[in-house]
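Undergrad: Sharing a structure, written as structure tokens. Questions coming.
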Amino acid sequence: ISLVDHPAQSLDLNPIEPLWHDLKEIIRAQHTVSTINDLKAAAHAAWDALPIETVNQHIYQMPDCVQAVLASKGGHTQL
């Protein structure tokens, strides 16, 4: 495993960040959540419904994200 030295809050370099958005969209579209248990169940169902292709797409985009962060010298990117 290669260690990448980047700021802890560098959301552009964390492939889980766009997945949170995808999961929230699935939950909003397919579930009514009124309790914490509803939310837990919806989150599990959304994760199971998330296509592996979507996960892989975010991972495969990481080299482009790294280049964008480098080009912006660690600043904000358009990603």
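Undergrad: One residue is enough: does region 2-13 have a residue meeting the conditions among the β-branched types (Val, Ile, Thr) and part of a helix (DSSP H, G or I)?
TA: no
Undergrad: Among the residues of region 1-25, which ones are surrounded by fewer than 13 Cβ atoms within 10 Å (Cβ to Cβ), at pLDDT below 85 and of a type outside the set (A, V, I, L, M, F, W, C)?
TA: Selection gives Ser2, Asp5, Pro7, Gln9.
Undergrad: Something else about it: Give the number of residues within region 26-75 that are over 24 Å from Ser2 (Cα atoms) and exposed (fewer than 12 other Cβ atoms within 10 Å of the Cβ).
TA: We begin by selecting, within region 26-75, every residue over 24 Å from Ser2 (Cα atoms); these are 26-51.
From what's left, exposed (fewer than 12 other Cβ atoms within 10 Å of the Cβ): 29-30, 32, 34-37, 40, 44, 48, 51.
Summing the residues that are over 24 Å from Ser2 (Cα atoms) and exposed (fewer than 12 other Cβ atoms within 10 Å of the Cβ) in region 26-75 gives 11.
Undergrad: Among the listed residues Asp12, Asp48, Asp64, Asp38, identify the single one that is touching a helix residue (DSSP H, G or I) at 6+ places or on another chain (Cβ under 6 Å) and among the acidic types (Asp, Glu).
TA: When all the criteria are applied, what remains is Asp12.
Undergrad: Out of Leu70, Leu19, report the one residue that is under 12 Å from the mean Cα position of the chain (by Cα), part of a helix (DSSP H, G or I) and aliphatic (A, V, I, L, M).
TA: Leu19
The values are calculated or read from the model by the stated rules, or taken from the named source; none is laboratory data. Remember, predicted model here, so these are calculated numbers, not experimental data. Backbone-built Cβ (ideal geometry, glycine too); neighbour counts: all protein chains shown.
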